[in-house]
Amino acid sequence: MEIDKAIRECDDRRLKTKYDNAIYVIKRALALYPVQEVALSFNGGKDSTVLLHLLRAGCFLHQAEENNSGGDAADGGKTFPIRTIYFESPSAFPEINSFTYEAASIYNIQMDIIRLDFKSGLEALLKANPIRAIFLGVRIGDPTAVGQEQFSPSSPGWPPFMRVNPILDWSYRDVWAFLLVCKVRYCSLYDQGYTSIGSIHDTVPNALLCMKNSDSSEEKFKPAYLLADGRLERAGRVKKNSSAVCGKLSSISNGLKMENLNSGSMLTASIIAVGDEILFGTVEDKLGSMLCKRLHSIGWAVSRVTVTRNDIDSVAEEVERRKSTDDMVFIFGGIGPLHSDVTVAGVAKAFGVRMAPDEEFEEHLRHLIGEKCSGDKNEMALLPEGITELLHHEQLPVPLIKCHNVIILTATNAVELDQQWDCLIELAKSNGILELMDPFVSKCFTTTLSDVEVSQPLSKLCARFPDLYIGGYRESREGSLIITFEGKDLSRIEAASQSLFENFHPGAFSKIE
C-alpha cells in the first residue's frame with residue numbers, strides 16, 4: 001500500500017509514531033464494528049484528507065491481517081470500503097467541492113451527498129442506515145475537540161453513534177508532514193495561503209503567510225505548510241470584510257488585530273552548524289544559541305537549529321530543506337583547512353550551481369593569508385557561481401558570503417560571531433539585506449509546582465494567547481519549573497502573566513528578573 005510504504009521509508013520518527021497510533025485506532029474500530037456500520041465524515045479539508053488516506057491504509061492493513069497476507073498485496077484499485085459522507089453547503093468554497101468530487105473519483109469513494117445541516121443530515125442518514133461509528137478528522141485545538149477521546153460517544157441530544165478520532169493528538173505540523181511525505185493531493189486553497197478553511201463568509205488567507213511585494217499591489221501568499229507556528233492556523237478565520245489581507249486587515253481573530261500578527265513577527269530563520277566535531281561531542285556548539293538570541297533581538301523567530309556532518313551532501317540536503325521553508329538560513333562551520341570547504345560547496349549543490357573562482361574573494365584571501373592563495377590551487381577561493389553576493393564591511397578581513405537567502409558565517413567563536421553579527425546589522429540598516437523588526441520581549445517565572453499541576457492551565461493559556469511563545473523548562477529534573485512568555489507585544493505578555501497568577505494560589509509563581 002503506497003501510504004504505508006511512504007511512511008515506513010521516511011526518516012521522520014515522530015510522524016511514524018503518529019501514523020502507527022492512528023492506524024491502531026482505525027484497526028481497533030474495524031475490529032469492533034463491521035465495515036458496513038462505520039462511516040467517514042469528509043469535508044475536503046486537510047485534516048479529513050489525512051484521515052481519508054489513513055483509512056485507506058488502515059483498511060488495507062486490517063484486511064491483510066485478516067487474510068494472513070502480511071500486508072504485501074497490491075491495492076488493486078478496489079472501491080474504498082467505508083461509507084463516506086459529504087455535507088455539501090452553498091457557502092463552501094468551489095475549490096473544496098471540486099477537490100472532494102475529484103478525490104471521490106480517484107479513490108473510488110462511494111459518497112453520500114447531504115445538503116442539510118450537520119445534525120439534521122446525520123439524523124436522516126442514521127435512520128436510513130445502520131451506522132454505529134463515524135471517523136472524524138478532529139484534532140486537539142479544534143473547537144469541537146473539547147472533552148473528546150479517540151473513542152467518544154456522541155453528545156446528548158444528537159443521534160447515537162461512536163465518534164472515532166484517529167488524529168486527535170496530531171499537530172498542524174504532523175498533518176502537513178503526512179501530506180507532503182505521502183505526496184497525496186490536497187485542496188488547492190492551501191497553496192494560496194489558506195491554513196484553516198471554513199465557509200466563504202468567514203475565511204481568508206492567513207496574513208502570516210503574506211509575501212510583501214513592493215513592485216505589485218497583487219497579494220501573494222506562501223503555501224499553508226510554511227506556517228511556522230501551527231497554533232496560528234486559525235488566524236485566517238475572520239470576517240471577510242476587507243480585501244486588504246496583506247499588511248492591514250481590520251478584522252479580529254482570537255482577540256488579535258491581524259496587522260499586529262503580521263507586523264513581521266513571523267519572519268523565520270533556521271540555523272545550520274556544520275561539523276563532525278560537534279556530532280562526536282568533542283566540541284560544544286555555543287554559536288547556535290548565540291545566533292538565536294541575536295535573531296530574536298531583531299524580531300526574527302528561529303524555526304530550527306540543526307547540526308550536520310562535515311560533508312557536501314549532508315550540507316546540501318539540509319540547506320535544500322531549509323532554504324525553501326524559511327525566510328533566511330544562517331550556516332557556519334565546515335570552512336577551513338580541509339581539502340575542500342564543504343559548507344560553501346554544499347550551498348552551491350543545494351542551489352544547483354557549480355563552484356567557480358571568484359577573483360574578488362581571492363584578492364581578500366591573498367591579503368589575509370599571503371601569496372600562497374591562488375584561485376587554481378586553493379579551493380577556498382571557489383564560490384557558488386552566479387548566486388554569490390559578497391557582504392563587505394571595513395571591520396571584516398574577508399566579506400561574508402550570501403547566496404540568495406543563505407548567509408554563510410565564518411565565525412569560530414563567540415567574539416568572532418559578535419563582530420560578524422554587528423557588521424551584518426550595520427549592513428542591514430544601509431542596504432536592507434536583512435529586515436530589522438521590533439525585538440521579541442520576554443518574561444520568566446519560576447515555580448516549585450509539578451508538571452501535572454501546571455499542564456492544563458498552561459494549555460489554556462496557549463490557546464488564549466496564540467501570538468505568544470509559551471514554554472516551560474527545568475534546569476534539572478529536581479529543580480524549579482521555569483515558565484517563559486515571549487512575543488512582540490508587552491501588553492499581551494502582561495495579560496498572559498496576570499492570567500497565570502489568577503489560575504494558581506498566591507505565591508505559586510515568582511518573577512525572574
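What pairs can you find where one residue is in region 173-191 and within 20 Å of residue 204 (Cβ to Cβ) and among the aromatic types (Phe, Trp, Tyr), the other is part of a loop (DSSP other than H, G, I, E, B) and open to solvent by 10 Å² or more (accessible area, probe 1.4 Å), and their Cβ atoms are less than 6 Å apart, with a gap of 6+ or different chains? Close Cβ pairs (under 6 Å, with a partner that is part of a loop (DSSP other than H, G, I, E, B) and open to solvent by 10 Å² or more (accessible area, probe 1.4 Å)) do not exist here.
Filter region 83-111 down to the residues that are under 15 Å from residue 52 (Cα atoms) and charged (D, E, K, R), then identify the one that is farthest from the chain's Cα centre (by Cα). The residue in question is 83. Restricting attention to region 287-313, report how many residues are in a helix (DSSP H, G or I) and closer than 23 Å to residue 467 by Cα. The total comes to 8.
Show me the helices (runs of 4 or more DSSP H) found entirely inside region 89-205 where at least 2 residues are within 16 Å of residue 46 (Cα to Cα), out of contact with any Asp or Glu (no Cβ under 8 Å at 6 or more places or on another chain) and of a type in the set (Ser, Thr, Tyr). Don't jump to the end; show me each part of the working.
Numbers: elements: 94-106, 118-128, 172-182.
Ranges flagged: 94-106.
Only residues that are touching a residue at least 60 places away in the same chain (Cβ under 8 Å), more than 11 Å from residue 167 (Cβ to Cβ) and in contact with a strand residue (DSSP E or B) (Cβ under 7 Å, 6 or more places away or on another chain) were counted across region 20-36, and they come to 2.
Counting only strands (runs of 3 or more DSSP E) wholly contained in region 405-513, the ones carrying 1 or more residues that are aliphatic (A, V, I, L, M) and in contact (Cβ under 8 Å) with a residue 60 or more places away in the chain occupy 406-409, 510-512. The residue of region 250-272 that is modelled with the highest pLDDT, among those that are among the aliphatic types (A, V, I, L, M) and surrounded by fewer than 21 Cβ atoms within 10 Å (Cβ to Cβ), is 267. Looking across region 459-479, the residues that are under 18 Å from residue 446 (Cβ atoms) and surrounded by fewer than 16 Cβ atoms within 10 Å (Cβ to Cβ) come down to 471, 472, 473, 474, 475, 476, 477, 478, 479.
Provide a single number: the residues in region 175-202 that are at pLDDT 90 or above and either closer than 19 Å to residue 236 by Cβ or aromatic (Phe, Trp, Tyr) (or both). Spell out the reasoning first.
At the first step, the residues of region 175-202 found to be at pLDDT 90 or above are 175-197.
From the residues that got through so far, the ones that are either closer than 19 Å to residue 236 by Cβ or aromatic (Phe, Trp, Tyr) (or both) too are 175-176, 178-179, 186-197.
Of the residues in that region, 16 qualify.
Close contacts from region 341-368, counting a first residue that is aromatic (Phe, Trp, Tyr) and a second that is surrounded by fewer than 19 Cβ atoms within 10 Å (Cβ to Cβ), with Cβ to Cβ under 6 Å and a gap of 6+ residues or different chains, come to 351/387.
The set of residues in region 460-489 that are acidic (Asp, Glu) and more than 24 Å from residue 234 (Cα to Cα) comprises 475, 478. When residues in region 109-157 are screened for being modelled with pLDDT of 90 or more and in contact with a Gly (Cβ under 9 Å, 6 or more places away or on another chain), 1 of them pass. Checking each residue of region 439-451 against the condition of being more than 22 Å from the chain's Cα centre (by Cα) and acidic (Asp, Glu) gives at least one match. For residue 208, the conditions (1) assigned to a loop (DSSP other than H, G, I, E, B); (2) modelled with pLDDT under 90 all hold with the exception of (1).
Which residues, counting only those in region 14-44, are outside any helix (DSSP H, G or I) and more than 19 Å from residue 64 (Cβ to Cβ)? Break it down stepwise before answering.
So the first thing to find is which residues in region 14-44 are outside any helix (DSSP H, G or I), and the list is 33-34, 38-44.
39, 40, 41, 42, 43, 44 - these are the residues of region 14-44 that are outside any helix (DSSP H, G or I) and more than 19 Å from residue 64 (Cβ to Cβ).
Scoring residue 316 on the criteria (1) at pLDDT 85 or above; (2) part of a helix (DSSP H, G or I); (3) in contact with a strand residue (DSSP E or B) (Cβ under 9 Å, 6 or more places away or on another chain) leaves a single failure, condition (3).
The values are calculated or read from the model by the stated rules, or taken from the named source; none is laboratory data. Here the structure is a predicted model, which means the values were calculated and not measured. When we count neighbours, we look across all protein chains shown, and the Cβ atoms used for this are built from the backbone with ideal geometry, even at glycine. Heads up: the accessible areas ignore ligands, DNA and RNA and are worked out on the full protein's heavy atoms, side chains in. Shrake-Rupley method; radii C 1.70, N 1.55, O 1.52, S 1.80 Å.
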